[in-house]
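So the structure is just underneath, and the comments pick up after that.
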Amino acid sequence: MDMLVLVMCMAGLGWQFASATKSAQQIVLMADEARGPRGAFSMTAKVHDMQDGDSKDSVFKISSLEKKFALIEQLEPPRQQGRKLLMREYDLWMFTANISRPTRISFEQRLTGEVSNGDLARTNFAEDYEATLQGEEKLAGQLCYKLALVARNKNVTYRKVVYWVSKDLKFPLQAEFYALSGKKLKTATYSEFKLVLGKKRMTKVTIVDALQKSRSSVLVFAKHKAEKFDEAVFSKEALGN
Amino acid sequence: MGFPLLFALLLVCGQPLFARSFKLNYEGNLKADFAEHTRPPINPAAETLGASFQQNAAYLNNWTAALGFSAWNEFVYKSERFSGQQAARDDSHDVRVRNAFVQYHSNRLMLKLGNQQVVWGEAFGFFFSDIVNPKDLRNGLNHDFSDIRLQMPMTNAKFVFGNFSLQGLAVHRPQFNLLPSPGNDFAFPYQKSLAMADVQVAREAAKPLSLPNQEYGVRASALMDGLDLALFYFNYFDRMPWYTVEPHPTSLVLQEHHSRVNTAGLTATQELNGFVIRLEGLRTAGRALPVIVPSGLSSVTLDNSVYVVEIDAPAWNKFNFGVQWSQDILAHAPSGLLRPKTDSMASLHLQRPLLNSHSLELLYTYDVADFGHRIQAGYVVPLSKSVESRLGGEIYSGPLASQFGQISQVSRAFVFLKYFMRH
């Protein structure tokens with residue numbers, strides 16, 4: 001009988017644990033929706049990089065399909081026009097006009113300023129990370145869920161993310177990104193939630209280097225547009241054409 | 001010029017015929033390259049001015065077209081120092097039609113007809129599997145690869161099925177590498193090797209347009225669980241020449257010839273924990289290579305294999321770097337061959353972004369077979385949103401008989417300016 005009670009208690013604890021994990025995952029899924037829509041859409045990202053008093057601006061056009069495929073084309077400055085980044089699930093290629101050939105690259109490689117390739121190309125935290133609810137905290141006056149996200153596979157941009165999601169609206173507010181060594185790499189702050197393709201979503205991200213606070217990048221997303229893309233648009237073989 | 005003119009007509013007049021609406025844009029650049037030799041005698045190595053321009057038209061019913069030209073002038077080879085040398089005549093200027101194609105693009109099919117470049121391969125910094133288009137090697141390798149490649153008229157069809165693709169290629173008028181002429185900084189030391197004071201090279205620039213001269217290629221690629229794999233086969237005229245000696249009263253005239261070869265190859269790339277691993281392997285059958293014989297110059301037909309292994313490491317302290325190992329192996333090495341049986345190269349490439357959007361680039365190559373070195377270093381400084389400058393140096397060194405050592409006098413410091421135009 002004692003054994004039966006023990007087994008039932010264990011099962012109950014297991015269920016509790018499973019349900020907490022599931023709800024943490026649902027929070028991340030809802031926050032992902034507030035970071036960017038699913039389906040087929042395009043938008044622009046204006047990136048303002050600041051580094052030790054110096055600054056530069058870049059503009060990218062992002063085309064995305066179901067958060068699995070993305071094509072990022074650099075529009076500004078003119079000397080970098082024609083640079084493209086293609087993501088197919090966990091694979092990433094860079095195309096530059098001077099080489100005229102797609103080159104396989106990694107998500108963690110730097111795109112501009114503090115922005116890694118994966119920061120623009122891959123925004124699907126719910127699929128990439130296993131979430132655990134760490135508790136609740138107040139951030140910028142808002143009560144938030146604090147979540148620990150651990151990479152589900154080795155192909156994602158970061159090994160660990162600590163993520164703050166507002167409790168009431170399930171908006172992402174802040175994320176800290178960590179390397180495999182446990183070293184904190186950078187902090188992203190999400191803001192300016194606006195009505196975008198039928199739902200309130202963030203339109204601004206500020207990324208600050210963890211060690212050198214004078215290094216930061218501000219990304220402003222605009223011109224969101226629902227599109228009809230075929231998967232073939234996101235083919236490596238179509239990249240140079 | 002017949003095809004480009006017809007094409008230009010199509011580009012302008014075809015718009016109302018083919019499309020309900022269309023979009024035009026252009027891209028181009030102006031270039032200036034100044035270099036000074038760093039080994040005695042210290043004198044100008046390059047004073048090049050160049051321009052390229054391309055008009056693109058996109059028709060909303062899946063058709064696009066492009067027409068581009070480029071031109072450059074190398075003033076150093078026009079100077080008194082090069083008077084009477086072949087380089088002064090053949091390597092001092094160039095005017096060329098670049099891209100000139102029409103393209104149909106649907107979800108699964110891409111069909112491109114006209115002057116174009118097709119790029120195969122994965123490895124960094126060299127042209128191992130990049131065998132389709134000939135290269136203009138008259139100004140060395142320290143330039144954009146898309147500028148070095150020479151576009152050719154071809155039909156290029158590509159079918160894409162999710163993670164798989166199949167490409168078929170027909171080159172209608174094969175063209176060949178433009179090698180540095182005698183007198184050019186980068187030229188093979190003809191005079192020394194052939195013990196002749198005056199050597200001239202008669203180029204074979206292209207094969208005539210005919211059915212037997214057509215070239216064919218096919219390439220299949222697949223992306224499987226992160227492994228990017230491609231297999232290709234190309235039946236073509238070798239882009240590198242072999243020579244015969246032509247009778248001439250005052251000089252030794254080497255006539256270029258290009259023989260038909262078959263290349264089969266494989267490329268593969270995989271990302272592992274932030275490391276990107278690239279592999280290339282090629283086998284070419286029937287390559288004719290020049291050999292020195294007592295009576296002058298002859299050729300020998302050999303098969304050769306090339307393999308390349310490259311590892312790009314994850315960024316460390318904002319340094320991006322990679323290492324590469326390559327071997328070019330001949331089936332055997334008859335005496336008089338102008339290259340070793342096995343040519344092995346080790347390379348390191350490094351890039352680091354610096355303050356104010358500056359960046360540092362370095363490519364170091366060591367020829368294991370003959371102990372030669374090549375260093376290409378550049379410091380990139382954007383001067384505005386549209387202007388980029390590159391300051392740096394190219395150093396060639398090694399034993400006198402080595403591939404890089406024999407052109408050590410080419411070593412130079414350079415300033416390169418590029419103005420980008422796009423609309």
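Hey, what's the Kirkwood Rh for the protein assembly as shown if you take every pair of different alpha carbons, in angstrom? Walk me through the numbers on the way to the answer.
Values: mean 1/r = 0.0363 Å⁻¹.
Taking the inverse mean of 1/r over all distinct Cα pairs, the protein assembly as shown comes out at 27.5 Å.
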| query | What does the helix-only formula give at 222 nm for chain B: each DSSP H stretch with n ≥ 4 adding -39500 (n - 2.57), the total divided by the residues, and the result rounded to the nearest 500 deg cm²/dmol? | reply | -2000 deg cm²/dmol
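Average partner chain C-beta neighbours within 10 Å, per residue of A:229-237?
Values: counts 1, 4, 6, 11, 3, 1, 12, 7, 12.
What the average comes to for A:229-237 is 6.
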| request: State, to one decimal in nm, how far the label point of B:L24 lies from the label point of B:A285, with both points 7 Å from Cα in the Cβ direction. | output: 5.1
| Other chains' Cβ within 10 Å of A:72-79 residues: what's the mean? | 5
| message | Please compute the average number of Cβ atoms from other chains found within 10 Å of each residue's Cβ in peptide A:94-105. | response | 6
| query | Could you give the accessible area per residue of chain A, probe 1.4 Å, as a whole number in Å²? | reply | 45
| field | Most positive-pole-ward Cα, B:Q200, B:L350, B:N56, against dipole of the stretch B:25-422 from beta carbon charges | value | B:N56
| query | Which order do A:K154, A:K160 take when ranked by solvent-accessible area (1.4 Å probe, heavy atoms of all protein chains), largest first? | reply | A:K154, A:K160
| said: Just to confirm my numbers, what's the Cα centroid distance between the stretch B:340-411 and the stretch A:87-117 in Å? | reply: 23
| task | Please work out the FRET efficiency for the pair B:Y104 and A:L143, using the Cβ-Cβ distance as r and a Förster radius of 35 Å; give the result to the nearest 0.05. | result | 0.05
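In what order, largest first, do B:E122, A:E76 sit by accessible area if the probe radius is 1.4 Å? Intermediate values should be presented prior to the final figure.
Details: B:E122 5, A:E76 70 Å².
So, going from the largest accessible area down, we get A:E76, B:E122.
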| request: Keeping all protein chains in position, work out how much accessible area B:R98 exposes to a 1.4 Å probe, and write it in Å² to the nearest 10. | output: 30
| Total Å² of accessible surface buried at the B-A contact, 1.4 Å probe, nearest 100? | 3700
| message | Rounded to the nearest 10 Å², what accessible area does B:S210 have for a 1.4 Å probe in the complete protein model? | response | 40
| Prolate/oblate/rounded call for chain B, Cα gyration tensor, a/c under 1.5 rounded | rounded
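For the stretch B:285-353, which trypsin sites (Lys or Arg not before Pro) are in a loop by DSSP, counting at most 15 other Cβ atoms within 10 Å? Please list the in-between numbers first.
Details: sites: B:R287, B:K318, B:K341; in loops: B:K318, B:K341.
Loop-located and lightly packed - B:K318, B:K341.
With n ≥ 4 as the cut-off for DSSP H runs, can you work out [θ] at 222 nm for chain A, using -39500 (n - 2.57) per run divided by the number of residues, rounded to the nearest 500? Before the final figure, lay out the partial values.
Working: 3 runs with 43 residues, N = 241.
When only DSSP H runs of four or more count, the value is -6000 deg cm²/dmol.
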| query | Tell me, what % of the accessible area of the stretch A:32-238 is carbon and sulfur with a 1.4 angstrom probe? | reply | 51
| said: Can you tell me the orientation of helix A:2-35 relative to chain A, as the angle in degrees between its alpha-carbon axis and the longest Cα principal axis, to the nearest 10? | reply: 20
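For chain B, which whole-number percentage of the solvent-accessible area (1.4 Å probe, protein heavy atoms only) is attributable to carbon and sulfur atoms? Before the final figure, lay out each step's value.
Numbers: 12190 of 18650 Å².
Of the solvent-accessible surface of chain B, carbon and sulfur hold 65 percent.
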| field | Accessible-area ranking of B:H258, A:H224, largest first, probe 1.4 Å | value | A:H224, B:H258
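How much area per residue is accessible in chain B when the probe is 1.4 Å and only protein heavy atoms are counted (Å²)?
Details: 18650 Å² over 423 residues.
Value for chain B: 44 Å² per residue.
The values are calculated or read from the model by the stated rules, or taken from the named source; none is laboratory data. In this text the structure is predicted, and so the values were computed from the model without any measurement. Ideal geometry is used to build each Cβ from the backbone, glycine not excepted, and the neighbour counts take in all protein chains shown. Protein only, heavy atoms only, side chains kept; ligands, DNA and RNA dropped before computing areas. Shrake-Rupley method; radii C 1.70, N 1.55, O 1.52, S 1.80 Å.
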